[in-house]
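Asks: Dumping the structure here so I can ask a few things about it.
FYI, it's all coordinate maths here, none of it is from the lab. Everything quoted here is computed from the prediction, not taken from an experiment. Cβ atoms come from the backbone with ideal geometry, glycine included; neighbour counts cover every protein chain shown.
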Amino acid sequence: MATTEASAPPKAGAATGPAAGPMGIFGGTFDPVHYGHLRTAFELVQALKLPEMRFIPAGNPPHRELTVASNAQRLEMVRSATAGQPEFNVDEREILKAGPSYTVETLAELRREFGRRPLCLIVGMDAFLGLPKWHRWRELLDLGHLVVAHRPGWRAPTMGALGEMLNERGTTRVLDLHESVAGRIYIHAVTQLEISSTEVRNLIQAGLDPRYLMPDGVCRIIHDSGCYARKDQAKG
Ligand code: ATP
């Protein structure tokens, strides 16, 4: 697909109905999901008035260990963590594919499914800064908006390809995310919770309890499955 950086983003269609406000799309390995993810998603649902936030756990090819917990375990943890929040949904499509999925392909699929509904791809600032390494990254804005959540210690770029893109596509108006289906970049400061999945796994490996870094249900799944325990402690 050719990039259309210079063209105006399409308008959101009334055909999708009044309930079809922008859908948030939150991808990640979620290995495991933690309060940094959940609080970010929740704050964005409220601030951007998103009727739906979809968590899309990344797939993992069966014979390559890109994640520590299995696909099934990560899915179970995300399901458990999101169960109590009506706007939160889990989308299994990347897990169900045999290999890793490119975000641009997932977004293109969602665009085909949801027609003229605005789509908001949520990324942390660290992920945003790495965007130029993503497959066909310039096409992402043809398919949806980018919503960048500030993470501790990261600043918005002012120069280079991302700086230019921000100048051209950046907005501070939430309404822009509702009135067009794609093409804008919105940066939103979220409560800074310095939690990362890597640190959570390291902590568990060191024999510590991850409680209060994630919902109790997720802690239970981790404990019962032994998915992050040291090999000599792992169950089964
Ligand atoms: P890892 O430590 O393995 O890199 P992670 O904690 O960054 O994992 P991911 O599943 O890779 O978790 O992240 C999914 C998305 O959530 C990314 O866009 C990432 O920037 C964002 N994210 C992760 N942790 C936080 C946090 N504490 N606050 C805000 N956003 C976060």
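Asks: Per q in 0.13, 0.14, 0.20, 0.23 Å⁻¹, report the Debye log10 I(q)/I(0) for the range 127-210, using one uniform scatterer on each alpha carbon and no solvent.
Replies: Listed by q, the Debye log ratios stand at -0.54, -0.60, -0.95, -1.14.
Asks: Continuing with this model, one more query. List the extent of the Cα atoms of the chain along each of their three principal axes, largest first, rounded to whole Å.
Replies: For the chain, the Cα extents along the three principal axes come out at 57, 37, 34 Å.
Asks: Each label point is 7 Å from the Cα along the Cα-to-Cβ direction; what then is the distance between the points at R155 and T198, in nm?
Replies: Result for the modelled spin labels: 2.2 nm.
Asks: Could you work out how far apart the two model spin labels at T191 and R39 are, taking each label as a point 7 Å from the Cα in the direction of the beta carbon, and quote it in nm?
Replies: Between T191 and R39, the simple spin-label model gives 0.5 nm.
Asks: Between the DSSP loop rule and a limit of at most 12 other Cβ atoms within 10 Å, which chymotrypsin sites (Phe, Trp or Tyr not before Pro) in the range 168-232 are left?
Replies: Y212
Asks: If the only charges are +1 at each Lys and Arg Cβ and -1 at each Asp and Glu Cβ, what is the size of the charge dipole of the range 91-236 around the Cα centre, to the nearest 20 debye?
Replies: Taking the Cα centre of the range 91-236 as origin, the dipole is about 100 debye.
Asks: Express as a percent, rounded to the nearest 5, the fraction of DSSP beta bridges in the chain (both residues included) that run antiparallel.
Replies: Expressed as a percentage, antiparallel bridges in the chain total about 5.
Asks: Could I ask something else about it? Over the range 84-136, what lengths in whole Å, largest first, do the semi-axes of the equivalent ellipsoid take, defined as the square roots of 5 times the eigenvalues of the alpha-carbon gyration tensor? Each step should come with its number before you reach the end.
Replies: Numbers: eigenvalues 76, 50, 40 Å².
Those come to 19, 16, 14 Å.
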